[in-house]
Amino acid sequence: MRTSSGNAIGVNSGFDFLAALKEAGMAAGVALALSFTIIGMRTTGQQGGLGVEFRWNAVAIAVVLVFIGRFLLVLWRQRAKPLASADRDRMMDRVGAMVQHWSKYLGAALFAGAVAIPLIWSDNRYVVDVSTLVLTYIMLGWGLNIVVGLAGLLDLGYVAFYAVGAYSYALIALHFGWSFWICLPLAGILAASFGVLLGFPVLRLRGDYLAIVTLGFGEIIRIILLNWYSFTKGPDGLSGIPRPSFFGLEFTRSPDDGVTAFHEFFNIEYSSVHRVIFLYYIILALALLTNFFTLRIRKLPVGRAWEALREDEIACRSLGINPTNTKLTAFAIGAMFAGFAGSFFATRQGFISPESFNFGESAVILAIVVLGGMGSQVGVVLAAVVLIGGTELFRELALYRMLAFGILMVAIMVWRPRGLLAHREPTLLLGSATERTGGDR
Amino acid sequence: MNRPLLTVEHLTMRFGGLTAIDDVSFTARDREITAIIGPNGAGKTTVFNCMTGFYKPTVGRLTLDRGDRKFLLERLDDYQVAQRAHVGRTFQNIRLFPGMSVLENLIVAQHNRLMHASGFTVLGLFGFGGYVAAERAAIDKARYWLDRVNLTERADVNAGALPYGAQRRLEIARAMCTDPVLLCLDEPAAGLNPRESHELNELLRFVRDEHKIGLLLIEHDMSVVMGISDHIIVLDYGRKISDGSPAEVRSDPAVIRAYLGEDEDEAKSAGDRA
Amino acid sequence: MEYFVQQLINGLALGSIYGLIAIGYTMVYGIIGMINFAHGDVFMIGAFVALITFLVLGMIGITWLPFALLLVLVVAMVVASVYGWAIERLAYRPLRGSFRLAPLISAIGMSILLQNYVQITQGARVKPLPPLIQGGFVIMENDGFTVSLSYMQIIIVALTVILMIAFSALISRTALGRAQRACEQDRTMAALLGINVDRTISLTFVMGAALAAVAGLMFLVYYGVIDFFIGFLAGVKAFTAAVLGGIGSLPGAMLGGLLIGLIETFWSAYFTIEYKDVAAFSILIMVLIFRPTGLLGRPEVEKV
């Protein structure tokens, strides 16, 4: 250790090394207490019971890392004190504003890119598959953004509505043989009805109660799906879910009699990629629908009321806005989009089981919304690309994926609670845009 | 004399064992400024919260007579008081929508009318209906009130970024955008400098005379109130101790006693339950 | 009848565990008004620390059970306390006064973090512990059906009662308890009167975590298997217990815990075991709709 020399430098450069060392030492002590058992001793299965495997090197690494991290952080804070949280907030808001400003072009570029992906990689099924997955999460993120970002309602059971959509489509299609395009709106309506059913009694509750009730609801749905075997096939799941058709054209090599296949109609060679690409464009369209809907409704009275409720519910009530109904619409609309996404998921996978709809999924979607910036449409896209696309790329690190999500959620709340790219533009301006000068800087 | 707009009869509010308001009755008249004054913890804000549906009174009847229709306010939910009975209010600790622009604050206040115009969102989504015209009318109304409270230039700024005095004015403008027949202001002059305070008096007179509605205001400070009120009610420890014109109230020995605090030593720790 | 009595005993033991966790929720909610979603995971960590300590004690040859149990109890409580403290310090304290959803989201993040942290460090598989305390009394016997009260159940209930008494005394008699109640009423005012609010809040988390660790130890010994996911369900149920009893009320948390334990046990015994978790969640929703202040809670007056 270079405590003494550090002190000498500290006097000159304005760093208080001793204080930093003390803080870092304390942090390291806490880290030791935290890691000593859980990290240092791993329970391992042995014959005739459990054994313990000691891993002191891991503890040492953790403690040293914490020590160094804390030490540097304290030093950085000493130097960077003037950049208080308000300044940092303003700085990040400017970044957010810039992204928002460029989002017209960024959005167009992203859209063009999204359209082009299956054309460029038409022979690479993996890329299209991953892109489809990312788009599904973008759509879910945008849907949840209505509930969390606009209306400020923390919904921890969003995946339940996703599940309702998926099972609605699968069951209707399997039992009645209705086509995807009829079932899609039905699934959305069913999911929205579930949203109303759950929301009506609980939306008058305080916000944090809502969070835990939705969490519970998500679990109830999953448990029912798991145990109502005669209806849902329980843990075995539903398989053989019909695929969507392209205006009545099937994506099969040899269709049944009387049905035309896609490749026959267009007189091209059959390829299994056609359907993959078709599905990709379906989810792209659905996601864009969600986006345009959100952008549009923000400028309608109900959208403004959602945001006002997020800002101050009591003030809303004093203005004659019915809080329960207003929240209910947000909740139901969010659920509807989850229902759409769910039926897409069912038709794409061809197989669904309760496994796909656990709390972890809700957490991932929430992480996307939170990371991207609540209320920011572009933010959700970037977050979904990074979180879902990124974890697809680093599959061997899958174990650490949820750990990273957890850390990210905490870190972002501490660092910038409204999300990284959170920046809000007014939904309408008084008179011409030139009048908008100064003020908010 | 103007007709009674709000009649409060035997209003009593208890929180557990604590009686915040004890059998208070008074009337506020149309096109008049009625002030409720009293020392800290006298129960002024609680009266407001009972009137506007945020608290359910333990006992009492609150009748709002709009001329064409009567409303029993104690039976309405808080949002219905504003939506149906058209009673607008402001808050002691300003409650704006800080993250939304000044203009948006005023548009949200016209929510119910705009909801109708947008066909409860369904038509508005597709741009049908009279929504565009209704929104333009809403903006015009907002602009009118922005002009009144000198905030037109800051219309597109976030409400939370406004200085304190401007936030108070915006809150009044926002309440006026709901087309109230009775406007309730909770300490509108608190924290204002003398010039702003003077402007506020002008604004309140304007609202009374030009928009022909009743105003009910809570003030802590007697001197502010004396200038503009037509009628003053004095509360102390949850009871009404005086009721009359400014001159009458000023000379009422009970009021003087309450304000000078003759028996301060036995002042129970009523605390401001606002 | 015998079956009923047996279920009653089982339900009380389970309810004690829920009640101990519920106290952590109710105290934190009382003092800073937030749901500490990560509390269930502190319980889980307590159970893991207890398991590890048992194994290590076994390896170094301390096998006299009462002494081992006491040691495990102390270690689990201390380590869980440090976790409780660190969670508050890292994830919640910087967010005081931040916007409404921030602490909740941070808490969810913390919960996910802890679960995966334990999954990575300890593995995803369930961890069985051979039964340590066996035997018990037979209190009824009829037609071949025996009602037994195991030593384990006696220990659980007795330990819970002792802890509850000690804890009530702590809250009602000591300066810390007074500071805590003052912070619940009005944090700003408490600070002005010289109460160290930060320290009081930290200690609240520490106490909640210590009790959760006791519950974790009980769970481990009573059921004999744990995994990294036990905190999720136990947490939601304990929170339900806290709401049922009236959030903010300590006796309420205990009462709610016992009720949830009994309801769950009877539900599994007389209806279907598959839906026992649905029962707990449905109760939560019902209570919130029909009696949001819970059984022993005070009505909340909204600040306008």
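The values are calculated or read from the model by the stated rules, or taken from the named source; none is laboratory data. Please read these numbers as outputs of a predicted model, since none were measured by experiment. Methodologically, a virtual Cβ is constructed for each residue, glycine included, from the backbone with ideal geometry; neighbour enumeration extends over all protein chains shown.
Quick look at the numbers
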quantity	calculated
Identity of the residue in the stretch B:3-58, assigned to a loop (DSSP other than H, G, I, E, B) and free of Cβ contacts under 8 Å to residues at least 40 places away in the same chain, that ends up surrounded by the most Cβ atoms within 10 Å (Cβ to Cβ)	B:53
Hits in the stretch B:135-145 (condition: modelled with pLDDT under 90 and facing another protein chain (nearest Cβ under 9 Å))	B:135
Of all residues in the stretch A:279-302 being out of contact with any Ser or Thr (no Cβ under 7 Å at 6 or more places or on another chain) and buried (at least 24 other Cβ atoms within 10 Å of the Cβ), the one that is nearest to residue B:171 (Cα to Cα)	A:290
Which listed residue is assigned to a helix (DSSP H, G or I) and either under 22 Å from residue B:83 (Cβ atoms) or not hydrophobic (A, V, I, L, M, F, W, C) (or both), from A:383, A:332, A:341, A:363	A:332
All positions within the stretch A:221-238 that are buried (at least 22 other Cβ atoms within 10 Å of the Cβ) and of a type in the set (Val, Ile, Thr)	A:221
Matching residues in the stretch A:95-143 - criterion: being over 18 Å from residue A:271 (Cβ atoms) and free of Cβ contacts under 8 Å to residues at least 12 places away in the same chain	A:98, A:101, A:102, A:104, A:105, A:108, A:109, A:112, A:113, A:116
Residue within the stretch A:138-154 that is at pLDDT below 90, among the aromatic types (Phe, Trp, Tyr) and under 22 Å from residue A:292 (Cβ atoms) present	no
Verdict on residue C:106 being more than 7 Å from chain A (Cβ to nearest Cβ), touching a helix residue (DSSP H, G or I) at 6+ places or on another chain (Cβ under 7 Å), assigned to a helix (DSSP H, G or I) and buried (at least 19 other Cβ atoms within 10 Å of the Cβ)	no
Lone qualifier among C:132, C:104, C:73, C:114 - being touching a residue at least 40 places away in the same chain (Cβ under 8 Å) and over 30 Å from residue C:204 (Cα atoms)	C:132
Residue that is at pLDDT 90 or above, crowded, with 24+ Cβ neighbours inside 10 Å and either touching an Asp or Glu at 6+ places or on another chain (Cβ under 7 Å) or of a type in the set (S, T, N, Q) (or both), where the choices are C:231, C:216, C:208	C:231
Condition check for residue A:425: of a type outside the set (S, T, N, Q), surrounded by fewer than 17 Cβ atoms within 10 Å (Cβ to Cβ) and not in a helix (DSSP H, G or I)	yes
Some residue of the stretch C:122-129 being within 7 Å of chain A (Cβ to nearest Cβ), surrounded by 17 or more Cβ atoms within 10 Å (Cβ to Cβ) and within 13 Å of residue A:410 (Cβ to Cβ)	no
Per-region count, the stretch A:391-417, residues assigned to a loop (DSSP other than H, G, I, E, B) and within 7 Å of chain C (Cβ to nearest Cβ)	1
Filter pass, residue C:83 being part of a helix (DSSP H, G or I), within 16 Å of residue C:28 (Cα to Cα), modelled with pLDDT of 90 or more and more than 8 Å from chain A (Cβ to nearest Cβ)	no
